[in-house]
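Here, each number is a calculation from the coordinates, and none is a lab measurement. Because the structure is predicted, anything quoted here is derived from the model rather than measured. A quick note on method: Cβ atoms are made from the backbone with ideal geometry, for glycine too, and the neighbour counts reach across all protein chains shown.
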Amino acid sequence: MKAFLAAAAAVLALAATPALAQDSTADITFTFETGQPSGQIMVALYDSQSAYDGGGRPVRVERVSVTATSSVVDFADLPAGDYAMRAFHDLNGDGEMSRNPFGMPTEPFAFSNNARGNMGPAGWDRAHFTVAGDTAQTINLAQ
């Protein structure tokens with residue numbers, strides 16, 4: 001009888017394991033508030049400071065057409081951890097952030113947490129956030 005109960009407990013423990021694995025992912029939703037319903041929003045999501053700072057690739061990228069004054073981008077099934085996002089509103093649709101002759105962006109841009117940089121892009125310390133479950137942020141991309 002003890003052997004049967006031990007075997008039954010082991011089977012129940014194994015059956016519960018996949019459910020725990022499924023619960024370990026989360027969705028991140030960004031709602032972008034834009035000043036005008038034109039162009040597209042280019043979004044890059046990073047899962048490490050080194051990648052965010054230019055030493056690697058984003059874990060996900062998305063491009064969404066802007067047809068209203070707000071647009072939503074969802075990143076589904078991400079593992080728990082730290083993330084940071086960079087985005088810009090590509091008003092002219094050329095797929096690149098337009099800049100003036102001094103290198104300053106001329107199209108709206110934003111970072112997660114609505115973080116602001118000082119003489120450059122917002123750093124990881126201001127832009128990163130921890131994901132332990134579904135997460136949502138509203139980001140201001142209006143100029």
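For the reader, a short list of remarks on this structure follows.
- Residue match in segment 111-134 (condition: closer than 21 Å to S38 by Cβ, over 11 Å from the mean Cα position of the chain (by Cα) and either of a type in the set (F, W, Y) or surrounded by 12 or more Cβ atoms within 10 Å (Cβ to Cβ) (or both)): no
- Residue selected from segment 29-42 under the condition crowded, with 20+ Cβ neighbours inside 10 Å and touching a Leu at 6+ places or on another chain (Cβ under 8 Å), by the criterion farthest from D94 (Cα to Cα): F32
Residues are listed down the side, and each one gets a yes or a no for (1) loosely packed, with under 13 Cβ neighbours inside 10 Å; (2) in a strand (DSSP E or B):
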residue: A44; (1), (2): no, yes
residue: S50; (1), (2): yes, no
residue: D53; (1), (2): no, no
residue: P58; (1), (2): no, no
residue: R63; (1), (2): yes, yes
residue: A68; (1), (2): yes, no
residue: V73; (1), (2): no, yes
residue: D77; (1), (2): yes, yes
residue: Y83; (1), (2): no, yes
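- Odd one out for D94, checked against (1) surrounded by fewer than 16 Cβ atoms within 10 Å (Cβ to Cβ); (2) within 18 Å of the chain's Cα centre (by Cα); (3) over 25 Å from S50 (Cα atoms): (2)
- Sole residue being in contact (Cβ under 8 Å) with a residue 60 or more places away in the chain and among the hydroxyl-bearing types (S, T, Y), chosen from T130, T138: T138
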